[in-house]
Amino acid sequence: MTGESTMVSIYIMGKQYEVPDGVTIMKAMEFAGYRFIRGCGCRGGFCGACGTVYRTPGNFRLKVGLACATMVEAGMHLAQIPFYPANRAAYDLQALAPTLGTLRQHYPEMTRCLGCNQCTRICPQGLPVMDYIAAAQCGDLEKTAHQSFDCIMCGLCASRCPAEIVQYNVGILARRLFGRHIAPPARHLAQRVQDIEAGKFDDELERLMRMGREELQKRYYARDIE
Amino acid sequence: MYTPEMLGLVKTVEQSRERRLKETFPRLTAEEKTNILRSYHPDYMEGSMRPVMVGPNAGDSMPHAHADLLESRSLADVDGLPLDKVDYDVDVLVIGGGGAGTAAALLAAEEGAGVLLATKLRHGDANTMMAEGGIQAADKENDSPAIHYLDAMGGGGFTNIPELVRALVADAPRCIQWLESLGCMFSKDPDGTMNSNHGGGTSRKRMHFAHDYTGAEIMRTLRDEARNRGIRVVEFSPAVELLTDELGQCAGAVLYNLETGQYLIVRAKTAVIATGGSGRLHINDSPTTNHYGATADGLVIAYRAGARLVFLDATQFHPTGVAFPEQIVGQLVTEKVRGLGAQLVNIDGEQFIYPLETRDAVSSAIIRECRERRKGIGVPSGYGVWLDSPMIETIHGKGTIEKELPAMFRQYIRFGINMAELPIIVYPTLHYQNGGILINDKAESGVPNLYVAGEASGGVHGRNRLMGNSLLDIIVFGRRAGKNAAEKAKSVRLGSLTLEHTKRFNEELRQLGLGRRVAPILLPDYRGKISG
Ligand SMILES: Cc1cc2nc3c(=O)[nH]c(=O)nc-3n(C[C@H](O)[C@H](O)[C@H](O)COP(=O)(O)OP(=O)(O)OC[C@H]3O[C@@H](n4cnc5c(N)ncnc54)[C@H](O)[C@@H]3O)c2cc1C
Ligand code: SF4
Ligand code: SF4
Ligand code: FES
């Protein structure tokens with residue numbers, strides 16, 4: 001891609017660099033000579049380390065994206081937001097009840113939402129952030145859990161929130177409450193754990209462990225497949 | 001966005017789809033599998049490996065990238081480093097803040113130990129965060145730990161260490177239950193029954209998942225819990241050397257603050273290495289699916305302290321890495337895409353391998369199809385084959401991809417390709433370090449007081465790991481390592497801190513004329529390049 005591709009100018013924190021057109025912001029910054037310490041984690045859109053704000057020529061709008069998943073544009077001005085201080089409550093999940101009261105107790109600022117929709121507009125995952133906060137305000141934990149599920153905790157929503165809500169922390173509390181206290185536990189799983197603890201599979205495992213390679217191989221290639 | 005030529009080739013795939021929907025490609029026999037691996041798997045390519053010259057594995061073959069690291073001298077100035085001022089004095093030091101490390105820290109804290117978790121990037125910036133497909137556990141009626149055992153052994157070419165596989169399969173349901181109790185949102189039926197699928201090499205549908213954010217869901221849950229329990233974490237502070245005492249016991253580590261350039265001394269009664277894999281070494285110049293910090297640091301520092309490594313000559317190439325678009329070449333297309341029914345197809349619209357063979361075999365078949373049979377599709381970085389993702393919508397109904405594979409869908413739609421409507425182009429990519437530091441079923445390495453868990457360890461998966469057994473491995477052995485390290489710490493008496501083992505190692509290197517480079521490398525260096 002480097003060989004034949006055309007170059008474009010971008011401005012990293014105000015400084016001009018020539019980089020190949022069509023690459024991601026992350027790769028462009030490295031091409032320009034940066035070696036990341038912060039602002040780079042998974043490099044694949046999963047960890048939320050690489051939130052970036054930028055503007056493009058002739059457009060007043062402040063845009064955001066993940067540096068690892070957003071392509072450079074000619075003339076863009078960019079800066080990374082590798083860290084944004086956030087309020088986070090500590091809790092004992094096992095002792096909590098899955099209720100609106102629990103959410104409000106830990107994040108009382110949640111009720112201050114102004115409905116400005118900045119968070120939804122900015123979310124690089126395209127999540128309905130304002131909606132999941134609205135659902136949380138109504139105590140609909142299930143909805144908050146599902147709507148926030150793909151959140152990568154990049155912090156961009158919180159950086160824009162005039163009500164100073166940390167949406168992604170509300171989201172994970174709702175998800176954990178849902179997963180622990182609302183979704184029914186898997187019965188087949190509990191049963192299997194019990195059987196294992198009672199030693200039900202020990203003999204069979206012992207036999208397999210002592211089995212020679214040939215015998216194992218024979219069984220492996222003869223096993224039936226669901 | 002596909003080029004017009006590519007869109008032309010898509011027609012062939014579409015035309016053959018109806019016929020292929022009814023077609024099951026025959027599985028490989030044992031002999032065919034051996035042959036295809038020998039002829040096409042990168043592990044067997046001439047010149048890809050060499051014997052390492054020093055240390056516990058002297059004489060063993062491994063990829064050049066690993067040998068280079070093991071033959072490197074210390075990064076820190078070990079002769080000049082003062083060890084009398086101890087910055088942290090703890091029972092258990094956990095090195096690495098991925099899934100294995102966080103599970104270990106939680107269990108160690110539960111045992112009452114004073115724990116410090118040191119990690120290189122942020123807590124959770126790790127391969128664990130990226131795992132999409134799922135985690136195995138034999139917990140359904142038609143399944144059993146014994147069947148899981150057989151699948152894992154077969155997947156590893158019967159080279160896995162039996163006691164480790166036993167621990168893996170027998171602890172599995174308990175580990176899933178632990179995650180469930182921490183509020184992990186596994187995909188379930190309304191009555192609580194876990195949804196489960198096949199993965200490559202499984203004989204039962206035992207792949208549990210949380211949509212296609214399985215690793216992220218596990219990682220963020222464990223991290224959140226570690227925060228709730230007040231476990232101390234230092235970020236951007238990788239371990240660059242282990243500390244030992246006069247008896248050669250592990251006694252802590254030297255951390256390096258990446259941001260200030262300072263060294264920090266940690267005295268610890270026991271330590272757990274959970275530093276993950278090594279994709280960022282770009283073995284065979286391959287692009288990789290791995291996170292930024294996957295540079296084999298743990299292997300390097302443990303090796304100097306005398307730990308033995310196993311199966312480093314077996315590297316896992318994931319058969320379906322992105323081959324197009326160019327911006328994301330090498331990133332993962334989860335195996336779940338094949339688990340849901342998508343077939344691998346050549347330029348003529350024909351299948352050429354059973355889609356759920358083990359990864360080593362599927363990768364080899366794709367390489368053969370492109371290199372030897374010349375039935376690949378040309379892309380800027382070389383070639384690839386079709387993965388016929390729209391089949392999933394035909395089989396399971398419209399909208400399945402967006403619902404079940406949101407991360408995948410997002411990855412492609414960002415670059416203008418709708419994988420629910422168009423097939424995607426894939427080629428093998430460097431994915432997983434099958435081998436690592438040899439452990440026993442207590443997660444102990446050969447070095448006293450040093451435990452290892454997760455991708456940094458070796459033996460559980462033999463020469464080839466199955467999908468879903470790694471997320472399982474990090475929980476099973478992370479928990480065992482944390483618990484045992486905390487238990488052991490109660491009776492450990494440490495002497496004084498030294499770096500004698502590294503001084504000896506550096507000296508040995510000098511005598512052999514080696515050690516021109518330094519290691520661990522901590523982060524890859526892509527300055528002035530476009531990385532893979
Ligand atoms: C894209 C992708 C998809 C995957 N999908 C699946 C799947 O579906 N199912 C499955 O079972 N497996 C999957 N895997 C494999 C699995 O996710 C990993 O093998 C596993 O999560 C490794 O966990 P870990 O804790 O050992 O290492 P990691 O999660 O990588 O954590 C290691 C941590 O240690 C840190 N570290 C590194 N060096 C140092 C140092 N010197 N000092 C301190 N800290 C350090 C790293 O930065 C990182 O935070 C996938 C892997 C990838 C990359
Ligand atoms: S909800 Fe907020 S933290 Fe989560 S991905 Fe969207 S912007 Fe980032
Ligand atoms: S940015 Fe804050 S105030 Fe605005 S809608 Fe989102 S949560 Fe509400
Ligand atoms: S580096 Fe992880 S989301 Fe971009």
Springs between alpha-carbon atoms under 10 Å, Gaussian network over chain A: tell me which of A:MET211, A:MET76, A:MET29 tops the mean-square fluctuations. A:MET211
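Using the Cα centre of the protein assembly as shown as the reference point, and only Cβ charges (+1 on K/R, -1 on D/E), how large is the resulting charge dipole? Debye, rounded to the nearest 20. Could you put the intermediate results ahead of the total?
Details: 84 positive and 86 negative charges, 178 e Å.
Charge dipole, the protein assembly as shown, about its Cα centre: 860 debye, nearest 20.
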Spin-label point model (7 Å from Cα, Cβ direction): what's the B:GLU326 to A:THR56 distance in nm? 1.9 nm
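Can you tally the net charge around A:ARG160? Count Lys and Arg as +1, Asp and Glu as -1, for every other residue whose Cβ sits under 14 Å from the Cβ of A:ARG160.
Numbers: positive: A:ARG61, A:LYS63, A:ARG121; negative: A:GLU164.
Taking every other residue near A:ARG160 into account, the sum is +2.
Across the residues of A:176-186, average count of Cβ atoms on other protein chains within 10 Å?
Details: counts 9, 1, 2, 12, 7, 1, 1, 8, 6, 6, 14.
That average works out to 6.
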Among B:GLN15, B:TYR432, B:THR275, pick out the residue whose Cα is farthest towards the positive end of the charge dipole of chain B, where Lys and Arg carry +1 and Asp and Glu carry -1 on C-beta, about the Cα centre. B:GLN15
Determine the distance separating the Cα centre of the stretch B:8-75 from the Cα centre of the stretch A:165-226; give it in Å without decimals. 29 Å
In chain B, what % of DSSP beta bridges are antiparallel (nearest 5)? 65 percent
Just want to confirm a number: the relative contact order over chain A, from Cα pairs under 8 angstrom separated by 6+ residues, in percent. 16 percent
Length gained, B:THR400-B:ARG504, 0.36 nm per residue minus C-alpha separation, equals 31.6 nm
Quick check: the angle from helix A:167-177's long axis to the longest principal axis of chain A, C-alpha only, nearest 10 degrees? 10 degrees
For B:LYS488, list the lysines whose Cα falls under 19 Å from its own Cα; do not include residues on the same chain fewer than 8 positions away. B:LYS269, B:LYS442
Give the residue list of GluC sites (Glu not before Pro) in the stretch B:139-194 that are DSSP loop and have at most 12 other beta-carbon atoms within 10 angstrom. B:GLU141
Mean Cα-pair separation over length for the stretch B:350-473, i.e. relative contact order, pairs under 8 Å, 6 or more apart, %: 20 percent
Pseudo-spin-label distance A:TYR221 to A:LYS15, built 7 Å along Cα→Cβ, given in nm, is 6.2 nm
For B:THR214, what charge total do you get from the other residues with a beta carbon under 12 Å from its beta carbon, if Lys and Arg give +1 and Asp and Glu give -1? -3
Over chain B, what is the relative contact order in whole percent, taking alpha-carbon pairs under 8 Å and six or more residues apart? 26 percent
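What is the sum of charges around A:GLN217, taking Lys and Arg as +1, Asp and Glu as -1, for the other residues whose C-beta is under 12 Å from the C-beta of A:GLN217? It would help to have the intermediate numbers written out before the result.
Values: positive: A:ARG213, A:LYS218, A:ARG219, A:ARG223, B:LYS33; negative: A:GLU214, A:GLU215, B:GLU31.
Taking every other residue near A:GLN217 into account, the sum is +2.
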Take the alpha carbon atoms of the stretch B:141-157, find their center, do the same for the stretch B:163-238, and report the distance between the two centers in whole angstrom. 19 Å
In terms of the Cα gyration tensor, with a ≥ b ≥ c the square roots of its eigenvalues, is the stretch B:478-532 rounded because a/c is under 1.5, prolate because a/b exceeds b/c, or oblate? oblate
Holding the Cα-Cα limit at 21 Å, pick out from A:LYS15/B:LYS529; B:LYS33/B:LYS140; B:LYS11/B:LYS33; A:LYS15/A:LYS63; A:LYS143/B:LYS188; A:LYS200/B:LYS188 the pairs that are longer than that. B:LYS33/B:LYS140; B:LYS11/B:LYS33; A:LYS200/B:LYS188
Anyone know which of A:LEU141, A:LEU216, A:LEU173 comes out most mobile in the 10 Å Cα GNM of chain A? A:LEU216
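Compute the Cα gyration tensor for the stretch B:246-356, then decide on rounded, prolate or oblate, letting a ≥ b ≥ c be the square roots of its eigenvalues: rounded whenever a/c is under 1.5, prolate when a/b is larger than b/c in the other cases, and oblate in all that remain. Display every interim value, and only then the final one.
Numbers: a/c = 3.37, a/b = 2.35, b/c = 1.43.
Here the stretch B:246-356 falls in the prolate category.
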Need one word for the protein assembly as shown: rounded, prolate or oblate. Basis is the Cα gyration tensor (sqrt eigenvalues a ≥ b ≥ c); a/c below 1.5 gives rounded, then a/b vs b/c decides. rounded
When the Cα centres of the stretch A:29-65 and the stretch B:384-419 are compared, how far apart do they sit, in Å? 26 Å
Could you identify which residue out of A:TYR11, A:TYR107, A:TYR34 has the top mean-square fluctuation in a GNM of chain A using Cα springs shorter than 10 Å? A:TYR34
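Might you report the magnitude of the Cβ-based charge dipole of the stretch B:441-488 about its Cα centre, with Lys and Arg at +1 and Asp and Glu at -1, to the nearest 20 debye?
Working: 7 positive and 5 negative charges, 11 e Å.
Taking the Cα centre of the stretch B:441-488 as origin, the dipole is about 60 debye.
Only the coordinates and a few stated rules stand behind these numbers; no lab work does. Keep in mind that what you see is a predicted model, and the values were worked out from it rather than measured. Every residue, glycine as well, gets a Cβ built from its backbone with ideal geometry; the counts of neighbours run over all protein chains shown.
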